[in-house]
Amino acid sequence: MAYRSSLWLYSILALLFCFALAMTPARATDAAWARVQRGGYTILIQGSDASGALSPSSDTSSECNARTLSDRGHQLAQKLGARFAARGVRIDKVLTSSLCNARETARLSFGSSPMEIFAPLDPIASDDTARETQLEQIRATIISFKGSGNLVLMTDRNNIIGLTGVTPRPSEAVVAAPAEDGKTIHVAGRIIFD
């Protein structure tokens, strides 16, 4: 009888633990949405690839005259912007890498916001010194951002990893802010879109 009671208790505890783990991303996402609704944060997002997933881009053409995203990628980028608009998130500015995929994703998602190409957001350099310089330029941009809305950085997954230590999911944004020391950044939240 005691064995059955213990087994029942352990089963209930295991179910509660699994439920708590399943709820964590939703709560984390809600907390991150609340932060960006207040404004003053930087939102790091991967540009859509040609297949439509939010992932590292490989498009290196200098002219972006042709549509570079698939129909799915096009829809995903539009939904991304619609989610920010539906939550009332103000976007002060969008900086994007020079890759066509990232530029098209940024245009479709945040077309009404001021947008410019920021070369340090391009795929991360292979040389250690160049990579650190590139990441430092992005870090300095995040630290110096002072807006009532938010700054969006449309970049490459490896840049996000190098800046935050977070490996974002294909449909995830990482919310960053200056750390208390004013010289580094910290992850203020993560938003999972799907």
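None of the figures in this text is laboratory data; all of them are computed from the coordinates on show. Everything numeric in this text was worked out from a predicted model, so none of it was measured. Positions of Cβ are backbone-derived with ideal geometry, glycine not excepted, and every protein chain shown enters the neighbour counts.
Compute the distance in nm between two label points, each set 7 Å from the Cα along the Cα-to-Cβ direction, one at Gln37 and one at Ser112.
1.8
Along Cα→Cβ, 7 Å out, is where each label goes; now give me the distance between the ones at Ser70 and Ile192 in nm to one decimal.
With each label point 7 Å from Cα toward Cβ, the separation is 2.3 nm.
In the range 99-142, whose amide N lies under 14 Å from the spot 7 Å out along Cα-to-Cβ of Ile161? List them in ranges.
Correct set: 123-126.
Amide H to amide H under 5 Å from Ile91: which residues, 5+ apart in sequence or cross-chain, H placed 1.01 Å off N in plane?
Asn150
So what's Rg/Rh here for the range 94-134, counting alpha carbon atoms and using the Kirkwood radius for Rh? List each step's numbers first, then the result.
Numbers: Rg = 11.8 Å, Rh = 10.9 Å.
The Rg/Rh ratio comes out at 1.08.
Between the DSSP loop rule and a limit of at most 12 other Cβ atoms within 10 Å, which trypsin sites (Lys or Arg not before Pro) in the range 144-194 are left? Don't skip to the answer; put the middle values down first.
Working: sites: Lys146, Arg157, Lys183, Arg190; in loops: Lys146, Lys183.
Answer in residue order: Lys146, Lys183.
Roughly speaking, what is the stretch gain from Arg87 to Ser148, that is 0.36 nm per residue apart minus the C-alpha to C-alpha distance, in nm to one decimal? Don't skip to the answer; put the middle values down first.
Numbers: separation 61, 0.36 × 61 = 21.96 nm, distance 1.55 nm.
Value of the extension gain: 20.4 nm.
Ratio of Rg to Rh for the range 82-170, alpha carbon only, Kirkwood?
Values: Rg = 13.2 Å, Rh = 13.7 Å.
That ratio is 0.97, to two decimals.
Using the Cβ atoms and a cut-off under 12 Å, what net charge is assigned to the surroundings of Pro168, where Lys and Arg are +1 and Asp and Glu are -1? List each step's numbers first, then the result.
Details: positive: Arg157, Arg169, Arg190; negative: Asp156, Glu172.
Value of the local net charge: +1.
Please give the net charge around Thr96, taking every other residue with its beta carbon less than 12 angstrom from that of Thr96, where Lys and Arg add +1 and Asp and Glu add -1. Don't skip to the end; give the middle numbers.
Numbers: positive: Lys93, Arg103, Arg107; negative: Glu104, Glu116, Asp122, Asp156.
That sum, taken over residues with Cβ under 12 Å, equals -1.
Scan around Ala188 for amide H atoms under 5 Å from its own, H built in the peptide plane at 1.01 Å from N, and keep only partners 5 or more places away or cross-chain.
Sorted by chain and number, the residues that satisfy this are Val175, Ala176, Ala177.
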